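A.B. asks: Following this message is one structure expressed as structure tokens.
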Amino acid sequence: MNPGDHVRVSQNGSSYEGMLLPSPNDQYLILKLSGGYNVGISSEGASIELVAPGSIPISTQKAESDGVSNITFDDDLPTISLITTGGTIASTIDYRTGAVTSQFDVTDILQSIPELSGLANYRGKIVANILSENMTPLIWQDLAKAIFEEIESGVDGIIVMHGTDTMQFTAAAISFMIRTPVPIIFTGSQRSSDRPSSDNLINVVCAVEAAKSACAEVLICMHSNDSDDCCSLHRATRARKNHTSKRSAFETIGNQPLGEVDYLTHAVTYRRDHKKRGESKPLLQSKLDMNVELIKYTPGMDVNLIDACSGKSGLVIEGTGLGHIHTDFIPHLSSLIENGTHIVMTSQCIDGRVCSRVYDTGRDLLDIGVIEGEDMLPGTAKVKLMWALANLENVAESMKTSIAGEITKPSRPWE
């Protein structure tokens, strides 16, 4: 028996039927029942009967040189690369501790979601196997290189499986680091696969359809609402996780999502202009300046936090309202700028753009050389500044110019 097989297990007069899941050891059999719950059964004295083999045929050959496993169905289907970094979508219960742990690889994910069969051919690659709070810019660089290698290999689309807590940062980083001719779709799940309310099935199926679509951008594909019928496609540089645990946690800030995928019909629709498949030549610019910080200003903040950024290449500030900070802090910012630190002002407001020309404080910030961050999300601004410092000559001008859809056009002059 192999994980993914549909089996019947009998023990002590009781019978359980479901899909066989990977087990932490040979002392237990783990089944996913039809209702969605998992059950652990002691293997001692248990008999197991194969009801039906798993529907995901997995090739036995793996390319040792690049760590790619090939999961094939039909030569006429598009080929999608599934790259995993870990996170809840690649997690299950650790039955030793009762906690959720990241331990699935791509093969496990495909075996646990048989609905993926027949939608595409798949290539699997593991870049990391971590929970997303442990994500780092160094892993962003590894991920960018892995994605670019898959693009150059000729795949039709990329899916990155990632933890949701820091997904918006990683997806935004990839938006700047890679110019892509094919869709790059980030997806994850708010609830692990052993829970009946898990969103991994719908998110991944919709992500596959998005990866087959005509939009050649970096998108985040997650639940649109509390129902299991649709996923939204958020432009990565405009997306934000706005809820800790809801399945529809992600939102596009300042607009509706760029598009959506109907889970029932698999139809993909887009609302606004986007880069089209094949219109760009692939380009990798994976250098990052790691010496950048993001600080949120609050009343009573210790000015020593600003001074501690002395020697930083860049600093992004979440200012109040239109992009303000205590006037006593301005000389400290001026000192940083004089010593070579690029400072970008964003707003801690969810919507709207900074404007430093309305109040005296803003004009003083402009006078010392603070860069207006327009309506960039603070996290996106940090990622972009890291990338711009390492790859572009005119950092100040590039931070005010939309490169990957991170800045929207104002609908009115004062917005």
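The values are calculated or read from the model by the stated rules, or taken from the named source; none is laboratory data. From a predicted model like this one, the values you see are computed outputs, not experimental measurements. Please note: Cβ atoms are built from the backbone with ideal geometry, for glycine as well, and neighbour counts cover all protein chains shown.
A.B. asks: Report, by residue number, each residue of segment 302-316 that is without any contact (Cβ under 8 Å) to a residue 40 or more places away in the chain and either crowded, with 22+ Cβ neighbours inside 10 Å or at negative phi (or both). Write out each step before concluding.
C.D. replies: Filtering segment 302-316 down to residues without any contact (Cβ under 8 Å) to a residue 40 or more places away in the chain leaves 302-312, 315.
Across segment 302-316, the qualifying residues are Asp302, Val303, Asn304, Leu305, Ile306, Asp307, Ala308, Cys309, Ser310, Lys312, Leu315.
A.B. asks: Here are Pro378, Pro410: which of them is surrounded by fewer than 17 Cβ atoms within 10 Å (Cβ to Cβ) and either within 29 Å of the chain's Cα centre (by Cα) or within 20 Å of Met290 (Cβ to Cβ) (or both)?
C.D. replies: Pro410
A.B. asks: So, of the residues in segment 181-203 that are more than 16 Å from Asp229 (Cα to Cα) and surrounded by fewer than 24 Cβ atoms within 10 Å (Cβ to Cβ), which turns out to be modelled with the highest pLDDT?
C.D. replies: Pro181
A.B. asks: Of all residues in segment 119-150, which are surrounded by fewer than 20 Cβ atoms within 10 Å (Cβ to Cβ) and either more than 18 Å from Asn200 (Cα to Cα) or modelled with pLDDT of 90 or more (or both)? Steps first, please.
C.D. replies: Kept after step one, since they are surrounded by fewer than 20 Cβ atoms within 10 Å (Cβ to Cβ), are these residues of segment 119-150: 119, 121, 129-131, 133-134, 136-139, 141-142, 145, 149.
Of everything in segment 119-150, those that are surrounded by fewer than 20 Cβ atoms within 10 Å (Cβ to Cβ) and either more than 18 Å from Asn200 (Cα to Cα) or modelled with pLDDT of 90 or more (or both) turn out to be Leu119, Asn121, Glu133, Asn134, Thr136, Pro137, Leu138, Ile139, Gln141, Asp142, Lys145, Glu149.
A.B. asks: To continue, here is another question. Out of curiosity, is Thr361 of a type outside the set (A, V, I, L, M), crowded, with 17+ Cβ neighbours inside 10 Å and within 16 Å of Met399 (Cα to Cα)? Before the answer, list the steps.
C.D. replies: Values: of a type outside the set (A, V, I, L, M): yes; crowded, with 17+ Cβ neighbours inside 10 Å: yes; within 16 Å of Met399 (Cα to Cα): no.
No.
A.B. asks: Return yes when Lys312 is outside the structural domain of Thr136 (by TED's automatic domain parsing) and either in contact with a strand residue (DSSP E or B) (Cβ under 7 Å, 6 or more places away or on another chain) or of a type in the set (A, V, I, L, M, F, W, C) (or both) and no when it is not. Walk me through how you get there before you give the answer.
C.D. replies: Values: outside the structural domain of Thr136 (by TED's automatic domain parsing): yes; either in contact with a strand residue (DSSP E or B) (Cβ under 7 Å, 6 or more places away or on another chain) or of a type in the set (A, V, I, L, M, F, W, C) (or both): yes.
So Lys312 fits the description; yes.
A.B. asks: Continuing with this model, one more query. Which one of Thr346, Thr341, Thr361 is in contact with a helix residue (DSSP H, G or I) (Cβ under 6 Å, 6 or more places away or on another chain) and at pLDDT 95 or above?
C.D. replies: Details: Thr341 fails: in contact with a helix residue (DSSP H, G or I) (Cβ under 6 Å, 6 or more places away or on another chain); Thr361 fails: at pLDDT 95 or above.
Checking each option against the conditions leaves just Thr346.
A.B. asks: If you don't mind, there's one more thing I want to ask. Based on this model, can you work out whether Glu49 counts as surrounded by 11 or more Cβ atoms within 10 Å (Cβ to Cβ) and modelled with pLDDT of 75 or more? Break it down into steps so the answer makes sense when it comes.
C.D. replies: Working: surrounded by 11 or more Cβ atoms within 10 Å (Cβ to Cβ): yes; modelled with pLDDT of 75 or more: yes.
Answer is yes for this residue.
A.B. asks: Give the residue that is nearest to His243 (Cα to Cα), with candidates limited to residues of segment 134-180 that are in contact with an Asp or Glu (Cβ under 7 Å, 6 or more places away or on another chain) and assigned to a loop (DSSP other than H, G, I, E, B).
C.D. replies: Asp165
A.B. asks: For Ile368, state whether it is touching a residue at least 12 places away in the same chain (Cβ under 8 Å) and under 35 Å from the mean Cα position of the chain (by Cα).
C.D. replies: Values: touching a residue at least 12 places away in the same chain (Cβ under 8 Å): yes; under 35 Å from the mean Cα position of the chain (by Cα): no.
So Ile368 fails the test.
A.B. asks: Could you tell me whether Thr269 is without any contact (Cβ under 8 Å) to a residue 12 or more places away in the chain and either in a loop (DSSP other than H, G, I, E, B) or in the same structural domain as Met376 (by TED's automatic domain parsing) (or both)? Break it down into steps so the answer makes sense when it comes.
C.D. replies: Numbers: without any contact (Cβ under 8 Å) to a residue 12 or more places away in the chain: yes; either in a loop (DSSP other than H, G, I, E, B) or in the same structural domain as Met376 (by TED's automatic domain parsing) (or both): no.
The answer is no for Thr269.
A.B. asks: For segment 330-347, check the following and say yes or no: at least one residue is within 26 Å of the chain's Cα centre (by Cα) and either in a loop (DSSP other than H, G, I, E, B) or of a type in the set (S, T, N, Q) (or both).
C.D. replies: Scanning segment 330-347 turns up at least one residue that is within 26 Å of the chain's Cα centre (by Cα) and either in a loop (DSSP other than H, G, I, E, B) or of a type in the set (S, T, N, Q) (or both).
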